[in-house]
Amino acid sequence: MTTTLANRRRPTRAGGPEEGRPARRNGSSSSRPGFVWALPATIFFGLFALVPLIAVAVLSFTTWRGLGDPKFVGLKNWESLFQDPVMLQSLWLSLLFIVLGIVTQTPLSILLGVWAAGTQKNRAILSAIYFVPLLLSSAAISVLWRALLDPNFGIPGQMSWLFGDGNVLGTQTGAIAVLIFVGMWQFTPFHTLIYQGAAKQIPPVLYQAASIDGAGTVRQFFSITLPQLKNSIITSVILMVVGGLTTFETVLILTNGGPGTSTTITAFHMYQEAFRRFDFGAGSAIALVLVIISTAISFAVVRVSGYDKMRSSLEGL
Amino acid sequence: MKTRPNYLAGIGAFIWLAIVAVPLYVMLSATFQTRAEFGDNGPLSLPTSFTLQNYVDAITSGFGRYFFNTVIVTVGVVGLVLLLVPPLSYAIVRSQSRAASVIFRVFLLGLAIPAQAVIVPVFYLINTVGLYDNLLGVILPTAAFALPICTIILSGTMRDITPELYEAMAMDGATPARSFLRLVLPLSKGGLSTIAVFSALQAWNGFLFPLILTQSESTRVVTLGLFNFQTQFGINIPGLLAAVTLSMVPVLLAYLFARRALVQGLMGAGGK
């Protein structure tokens, strides 16, 4: 998320207010706030987010079981981390979750977003309903779906032609499918919102020109809408990667990492190591892996797509 | 925009509407049925009777207390955000010091820090200062993690105030504090309500911090209550769904009355 916003705003905004307005440098500076105004929030944020980020790196080289003080143990946590089969499996599962999440949510949310960016009246009401899942807590959504999918009292019992014996969460494939579907149910509205906002900003003149040239709706979609949405697709994919890596509540409540360890993705494994086995050193190492991977992927997507060099998709218009 | 209606997308949109709406309908209809009736008829059938007993059960099984706790956490988080973010955004938008632009970048980077990544040190910190199992211990980190996005939203609003207005204030000899109170705050009302609604939503729906940082029933928040209810009484589906419905009511009310602010906040979260 950071990279997107940072890169999007840097050219115009993050450079600070002084850029581009040199004329006002002298004279009025006494009426401008000093950086002291920013200090309370910065200190507060530093205390709960930045210092812990450094602390988690330090803790990953210690052993701490919740009592007393952490003891330095060198690379021990890291060595056992890379020999832990559940950890290695969890990385593959996280990758699978991210890929499946992107593949299922992106096309759907682009279509819905472009559709919702239109102007007809019923769209406003429909999109109001679409956004409801976005407002609900992951906990409420997971509890709801767990109840709906209950083998005895839920929907599978009534639709055995689709669900077989009804114990959807009892197999690895079923459990993964449910988690992907619930993720889709919960987050498609959010990504739809991103695409809706972006689609609204595509200049109508592009479509008018295309119509004159004889391009149909489908052609217009692929030749105008999709290229114009490139920035949003990148933003949305990065958010899905980071979101997918840190999915936690859904797994805890819907599958508890199971059956067995078959849906134990990395974020959930971290929770188990730290707060169920009280091995905070090992938990910290996994947490650091999460941070490194999510930052690296975000940077990679930005690099590969050339997003950082692109100021506006409207250049040349 | 497009002049021709797009039937294909329209059909897709209606299918998705069903996927979103049917589970919500099943949830609501289940909460008005007795357990026996729900068990006999199954979730997809139309209700034949009406009872409010499930809601009574949910409230008496502790959700009254959980709601109270969640309200405290939400008010605390919104209060802290409204106290900390406006001066910060003001400095980011108007300060000429290098430090302010560095700080803005720090907050942009802060967006990428997932709560999971720092939960162990935060647990250590909260334990050390003696706030474990205390609602204040939930409020502080929840507010801290709401800061980056709220700062980006609010500084966006504050940038829209034209420089001429600041200059006029400066001409009158206004100090930064006076400009802040008389000019910036009144003209940022839209952004302020967006960050208030948005941070309230995050606090209301928060799960990880309460899960790790509280323990006893007296500090339990609604989301944890749902999780707990499910592990203990998972078989009582109508009761469980009544609790889920109750947890959603305040958010849906907020959505009805502050839809603009919410959607703007969420769009801000998406970068555009």
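What follows is calculated from the coordinates using simple rules that are stated; it is not laboratory data. Because the structure is predicted, anything quoted here is derived from the model rather than measured. Cβ: placed from backbone, ideal geometry, glycine included. Neighbour counts: every protein chain shown.
Translational D (Stokes-Einstein, µm²/s) of segment B:62-270 at 4 °C and 1.567 mPa s when Rh comes from the Kirkwood sum over C-alpha pairs? Don't jump to the answer; show the numbers that get you there.
Working: Rh = 18.7 Å.
Taking Rh from Cα pairs, D becomes 69 µm²/s.
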Inset, instruction - Write down the radius of gyration of segment B:1-51 and its Dmax, each obtained from C-alpha positions, in Å. - result: 16.7, 53
Inset, instruction - Could you sort A:106-114, B:144-152 so that the peptide with the highest average Cβ count within 10 Å comes first and the rest follow in order? - result: B:144-152, A:106-114
Legend entry - Degrees between helix B:237-257 axis and first principal axis of chain B (Cα, 0 to 90, nearest 10): 30
Legend entry - Dipole of the protein assembly as shown, positive end: most advanced residue of A:Pro204, B:Leu201, B:Pro23 [Cβ charges, Cα centre]: A:Pro204
Inset, instruction - Please work out the Cα center distance from segment B:162-211 to segment A:91-124, rounded to the nearest Å. - result: 33
Legend entry - Positive-end extreme of charge dipole, the protein assembly as shown - chosen from B:Gly225, B:Phe63, B:Ala258 (charges on Cβ): B:Ala258
Inset, instruction - For A:Thr63, list long-range residues whose amide hydrogen, built 1.01 Å from N in the peptide plane, is under 5 Å from its own amide hydrogen. - result: A:Lys71, A:Phe72, A:Val73
Legend entry - Burial order of peptide ranges A:46-57, A:75-86 (average beta-carbon count within 10 Å, highest first): A:46-57, A:75-86
Inset, instruction - Enumerate the whole-percent occupancy of each 10 Å bin, from 0 to the last occupied one, for all C-alpha pair distances of the protein assembly as shown. - result: 3, 16, 26, 27, 18, 8, 2, 0
Legend entry - Calculated from backbone phi, Karplus (6.51, -1.76, 1.60) coupling profile of segment B:211-226 in Hz, x at Gly/Pro: 4, 7, 9, 10, 9, 8, 5, 6, 10, 6, 9, 4, 4, 5, x, 4
Legend entry - Per-selection Rg to Rh, segment B:206-256 - Cα, Kirkwood hydrodynamic radius: 1.01
Inset, instruction - Just rank B:Glu217, B:Glu164, fewest to most, by other beta-carbon atoms within 10 angstrom. - result: B:Glu164, B:Glu217
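To the nearest 500 deg cm²/dmol, what mean residue ellipticity at 222 nm is calculated for chain B from DSSP H runs of n ≥ 4 alone, each contributing -39,500 (n - 2.57), summed and divided by the residues?
Working: 14 runs with 202 residues, N = 272.
Rounded to the nearest 500, the figure is -24000 deg cm²/dmol.
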